[in-house]
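Worksheet: the structure to be examined is printed underneath.
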Amino acid sequence: MAAKKSKGVPAWDKENDPAKTEDIRIPIENLPVSDRVKSFYTNSGISELYPPQSKAVSAGLLEGKNVLISIPTASGKTLLAELAMLQSLEQNGKCLYVVPLRALASEKFRRFSEFKELGFRSGISTGDLDERDENIGTNDIIVATSEKVDSLIRNETHWLSQISVVVLDEVHLLDSKDRGPTLEIVITKLRKLNPKIQIIALSATIQNSKEVADWMNAECVVSDWRPTKLYEGVYFDGVFEGEVLHTKDKVVKEIELVGKGKEAGISLAADTIRDGGQCLVFTNSRKNAAGFAKKAGPVIQSYLTAAEQEELSMLAAEITDRSDTDAAKTLAFCIRMGVAFHHAGLSSDQRELVERSFSAGKIKLIASTPTLAAGLNLPARRVIIAAWRRYDSNEGMQMIPVMEYKQMAGRAGRPHLDPFGESVLIAAKEEDIDRLKEMYIEADPESVESKLGAENALRTHILSTVSNGFAYTRNQLLDFFKGTFFAYQRGLLSTIALKTIIDTCLDFLIDANMCHEDKGKSDAIEEKTSPFVTADKINSTKEADDCPLIPTKLGSLVSKLYLDPLSASVILDQIQKAEKNGMTLTEISLLHLICMTTDMKLLYMKTGDYQWVTEFATDNCEHIISMPPTTKPADFEWFLGELKTSVLLYRWISEIPENEISKEFDVGEGDIRQFSETAAWIANAGARLLKMNGSPYAGLFSDLEIRLQYGASIQLLPLLKIRGIGRVRARRLYNAGFRSKEAFQPADFSTVVDLIGPKIAVQLFNEIGIDTSGYAVPEKKKAARRTKEENETNIVREIDSEKTVSGKIQKRFDDFM
Ligand SMILES: Nc1ncnc2c1ncn2[C@@H]1O[C@H](COP(=O)(O)OP(=O)(O)OP(=O)(O)O)[C@@H](O)[C@H]1O
C-alpha cells in the first residue's frame with residue numbers, strides 16, 4: 001500500500017504511521033528530499049524503501065532526529081544514512097561517516113564518491129589512501145575510522161565542529177574491548193562539540209538497542225525484516241536443513257559428498273558453486289582457512305570453464321608478480337583453481353584482490369577467518385560456518401558469540417547479488433543439531449556492554465579530555481564521563497567506579513608530568529578555555545575545592561601523538577635511565593624500547609623460541625636498557641616476547657627478504673607490515689618526545705622511523721628521503737654507486753632509467769632539481785617490470801599518505817585475526 005500524499009504532511013502521515021504496523025514501502029518519490037536526489041535513486045533502480053527503511057523515515061530520520069537503526073544484515077542501512085546525509089548536504093551541512101575498519105571505509109568511500117554527480121564530494125581519512133588530511137575538510141562527506149576521528153579531535157581539526165550529521169556504522173562495536181571505548185568517547189565529544197549534531201547509528205540486531213538509543217537521545221528503529229530470504233540451518237550427515245526465521249519457510253537439501261575426503265564443508269561449497277552461486281567459508285584460524293582453500297581447490301576447479309581458468313591464471317600471476325613469499329605462492333596456487341583464502345596475515349593488496357575478484361564472480365569460494373564477517377557486501381549465496389569454536393589464549397576453546405554468527409550468516413543472500421541466502425553450521429554429532437539451532441539460529445545476539453570502565457582504556461581518554469579543554473577540573477571530568485554510555489548503562493554505580501578510575505589515572509598523569517593541578521586557583525578555569533571547546537559547551541559544576549587541571553606541554557604532545565600516556569612515560573623513563581648509566585644506545589636498544597610500550601603488539605613465544613631468544617638477550621645485553629631478573633618468570637617471559645618482536649623488526653630494517661622473515665617467525669606479509677608500521681609510528685612519537693626533552697637520541701629514533709617504514713638499512717637513508725624511492729629501488733641505486741641526492745648528475749639519466757624505470761627516474765631528477773624536459777624518455781617495456789614498479793610505488797604512496805595534518809604518522813588499527 002502506498003502512503004497518501006497531502007500538502008504539508010509527509011507522505012507517510014505520522015498520525016497513522018502505517019510503517020509501524022504494516023509492510024509499508026514508502027516510494028522514493030514521496031520522500032522529503034530534492035528531486036535530483038530522488039532521481040539519483042530511481043535511476044539506479046531503487047524506487048521504494050524497504051519496510052524497515054520506511055520505519056526509520058517515519059521515526060524522523062529526515063527531520064533531523066537522532067535515530068538508532070537496529071535491523072538485520074542486508075536490510076539497507078547504508079541507504080538510510082545516505083538519505084539523511086544528502087538531505088543535510090542540500091542544506092549546506094557536512095557529514096562524517098564513522099566505520100570500524102579500513103576495508104569498510106574504502107567500500108563506503110567508493111559508494112559515496114558516486115554522489116559526485118549530485119555535486120557532493122567525498123573524502124576518506126583512514127591514513128592509508130591518497131587523500132590528504134589537510135584538505136579532507138573541504139569534502140562534503142568524510143569517511144573515517146573511529147580512531148582517526150579521535151585523533152582529529154585531539155589535533156583540534158576545525159571542520160569537526162561544522163559536522164551536521166554523524167553516521168556511526170556498526171555501532172554495536174561499543175561492546176568491543178579494543179574499539180568500544182574510543183567509539184564511546186568520540187560520540188560523547190562530537191555531541192559536546194556540536195549539541196545539534198544529528199546522530200544516525202547503524203547496528204546489527206542487538207538485545208538492548210533501546211538502551212543504546214536512549215543514551216544517544218535517539219529514536220529506536222527495530223525490525224526483523226530482510227529483503228532476501230536467509231535460510232539458516234545445520235548440516236549433518238549429508239543433509240542440510242534450513243529455515244527462514246519468522247516466516248518458517250523451510251528447505252531440506254541432500255548434499256552430494258564430493259572430493260577425496262568427502263568432507264562436509266567442501267561438499268556444501270561444491271553444491272552451491274555447481275548451481276552458479278558463490279561461497280564464503282568461515283574457519284577459526286589462518287592455517288585452517290588456507291588448508292580449506294587448498295583442499296577445496298581441485299573440486300571447485302572442475303566446475304570452471306576454460307575462459308574462467310584463463311582469467312584466474314592472470315589473477316594468480318598478479319599475486320606472484322607482486323610478492324614471492326610462500327603465502328603468496330599458495331594463494332596464487334589456490335586462485336588458479338577458483339578459490340582463495342583471506343586473513344589479516346595477507347598484505348592489504350592481496351586482500352583487496354581477493355575481495356574484488358570474488359565480487360566480480362571470478363573467485364568462487366573464499367575461506368576466511370572472521371576478517372570478512374563485518375559489513376562488506378559480497379555475493380555469497382551460501383555461508384558455511386565450518387568452525388563455531390575458536391581458541392582463546394585465556395579460556396581455551398570457546399563457542400563464537402551469537403553476534404559474530406549473525407554477522408557471518410548475514411553475508412549470505414545480499415539483495416541484487418543473490419536471489420536468496422543460506423547459512424550452514426556444520427554439526428559433527430547428531431546431538432549438536434538442536435544445540436546449534438538453539439544457541440545460534442534461534443538465539444538473540446548478546447547485549448552491548450560498555451568496555452570503558454578499565455584504567456587502560458580511560459588513561460589516554462582522560463588526558464585528551466583535559467588537553468582539548470573538554471574538562472578543566474576533576475568535577476568537570478566526572479561530568480564529562482557521565483555523558484558516556486558506560487555511565488548511562490551503569491547508572492549511579494558508575495559514578496563511584498568512574499571517580500576511582502579517574503583519580504587513579506590523574507595521579508598517574510600528574511606523576512608523569514603530563515598534567516598538574518593548580519591548587520587554590522579555581523578562577524583560572526575561566527581564563528584557560530580552549531578555542532576548540534568553548535566554556536559554555538562544558539557542563540560545569542565548578543565548586544570551591546575544585547581546582548583546575550592544567551595539561552603540560554608534554555601532556556598535550558602525548559595526547560596529539562595518540563600515544564598511550566603509559567607508553568610515553570616508558571620511553572622517557574628508559575631513555576633517562578640509559579643516559580644516567582652512560583649507555584650508548586643502538587637500534588637494538590630502541591627497537592626493544594618500542595616493544596616495551598603498551599601500544600606495540602607482541603609476538604607470542606613458542607616452545608622453540610626460548611633458547612634462541614634467551615641467547616640473543618645474553619649476546620646483546622649491553623644494548624638492552626632494562627633486563628628483568630630471571631627470578632620473576634612472568635616478567636621474564638614478557639621480556640622475551642618483547643625481544644622476539646624486536647628481532648623481527650631488526651630483520652626487517654636489515655633488508656632480510658619478507659619471505660625469510662615470514663618463515664622464521666611464522667607470520668604473514670600483512671603482519672610484517674603491521675608490526676613495522678606500528679613500530680614506525682611509535683619511533684616517530686619517540687623522536688618527538690625526545691626532541692622536546694632535548695635528548696640526543698631523538699635523531700636515532702627519527703632515522704629508525706624511516707627505516708621501519710621502508711624496511712631498509714641505514715646506508716639507504718639518504719636515498720629513501722627522495723620521494724618515490726622505496727627499499728627495492730634504493731638498494732638498486734645504492735649498489736650502482738648512487739648513494740645520496742648529490743650523486744646524481746644529468747649525464748646519469750639513462751643509467752637511472754635502466755635501474756628504476758622512466759617514470760620514477762623523471763620524478764627523481766625533477767625532485768633533485770635536474771630538468772628532464774629535454775631528455776628522451778623511453779616507454780616502459782615489460783608488463784612484469786611495470787607491475788613490480790607499481791608495487792613499489794604503492795608502498796611508497798601508502799607510507800606518504802600515513803602523514804596527517806601535522807605530518808605525524810598515524811597508528812594502524814587493523815585486526816590481527
Ligand atoms: N530500498 C531498496 N531497494 C532496493 N535495494 C536496496 C534498497 N535499500 C538498499 N538496497 C540495496 O541492498 C543492498 C544491501 O544494503 P546494505 O549494504 O546497506 O545493507 P546493510 O543493512 O548495511 O547490511 P550489513 O549490516 O550486512 O552490512 C545494497 O546493494 C543496497 O543497494
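The values are calculated or read from the model by the stated rules, or taken from the named source; none is laboratory data. Please read these numbers as outputs of a predicted model, since none were measured by experiment. Reconstructed Cβ throughout: ideal geometry from the backbone, glycine too, with neighbour counts over all protein chains shown. Heavy atoms of the whole protein, side chains included, go into the accessibility calculation; ligands, DNA and RNA do not. Shrake-Rupley method; radii C 1.70, N 1.55, O 1.52, S 1.80 Å.
Of note:
- The calculated FRET efficiency for T330 paired with R356, based on their beta-carbon distance and R0 = 25 Å, is about 0.85.
- Mean projection of the Cα convex hull over all viewing directions, computed for the chain: 38.9 nm².
- Unit Cα scatterers, Debye sum, segment 565-711: log10 I(q)/I(0) for q = 0.15 Å⁻¹: -0.73
- Relative contact order of segment 210-311, taken over Cα pairs closer than 8 Å and 6 or more residues apart, is 14 percent.
- Normalised per residue, the accessible area of the chain is 42 Å², obtained with a 1.4 Å probe and no contribution from ligands, DNA or RNA.
- Mean sequence separation of contacting Cα pairs (under 8 Å, at least six apart), scaled by the length of the chain, corresponds to a relative contact order of 11 percent.
- Overall form of segment 18-222 per C-alpha gyration tensor (a/c, 1.5; a/b vs b/c): oblate
- Charge dipole of the chain about the Cα centre (unit charges at C-beta), most positive-ward option of N659, L89, I71: L89
- About its Cα centre, the chain has a charge dipole of approximately 1380 debye under the convention of +1 per Lys or Arg Cβ and -1 per Asp or Glu Cβ, with nothing else charged.
- 10 Å beta-carbon shell around V448, net charge (K/R +1, D/E -1): -3
- Residue (of F470, H416, V339) at the positive-pole extreme of the chain, dipole from beta-carbon charges: H416
- Cβ-based net charge around G491, under 15 Å, with every Lys or Arg adding one and every Asp or Glu removing one: 0
- Whole-percent pair-distance distribution, where bins are 5 Å wide, for the alpha carbons of segment 189-346: 1, 7, 12, 14, 12, 11, 10, 10, 9, 8, 4, 1, 0
- Within the accessible area of segment 625-763 (1.4 Å probe), percent carbon and sulfur: 54
- Projected label points at D518 and T495, each 7 Å from Cα along the beta carbon direction, are separated by 2.8 nanometres.
- Computed over segment 292-401: relative contact order in percent, which uses C-alpha pairs under 8 Å that are six or more apart: 23
- Nitroxide proxy distance, nm - points 7 Å out along Cα→Cβ at Q207 and Q715: 6.2
- Helix-derived mean residue ellipticity, 222 nm - over the chain, DSSP H n ≥ 4, -39500 (n - 2.57), to 500: -14000 deg cm²/dmol
- Segment 222-312: trypsin sites (Lys or Arg not before Pro) falling in loop per DSSP and having at most 10 other Cβ within 10 Å: K248, K260
- Extension gain for N194 to I510 (0.36 nm times residue separation, less C-alpha to C-alpha distance): 110.8 nm.
- Surface composition of segment 253-386: carbon plus sulfur atoms hold 49% of the accessible area, using a 1.4 angstrom probe and ignoring ligands, DNA and RNA.
- Among 213-219, 142-148, 117-123, 639-645, the order from most to least packed when residues are scored by Cβ within 10 Å on average: 142-148, 639-645, 213-219, 117-123
- Placing a label point 7 Å from the Cα of K294 along the Cα-to-Cβ direction, the residues of segment 319-341 with a backbone N closer than 17 Å are 325-341.
- Global geometry of segment 407-462, whether rounded, prolate or oblate, following the gyration tensor of its Cα atoms and the 1.5 cut on a/c: oblate
- Overall, the accessible surface of segment 18-222 at a probe of 1.4 angstrom is composed of carbon and sulfur to the extent of 45 percent.
- Peptide ranges 308-317, 479-488, 430-439 listed from the most packed, as the mean C-beta count within 10 angstrom indicates: 479-488, 308-317, 430-439
- Working ranking of peptides 606-616, 496-506 by packing, defined as the average number of other Cβ atoms within 10 Å per residue, highest first, is 496-506, 606-616.
- In this rough spin-label picture, where each label sits 7 Å from Cα along the Cβ direction, the D23-D392 distance is 4.0 nm.
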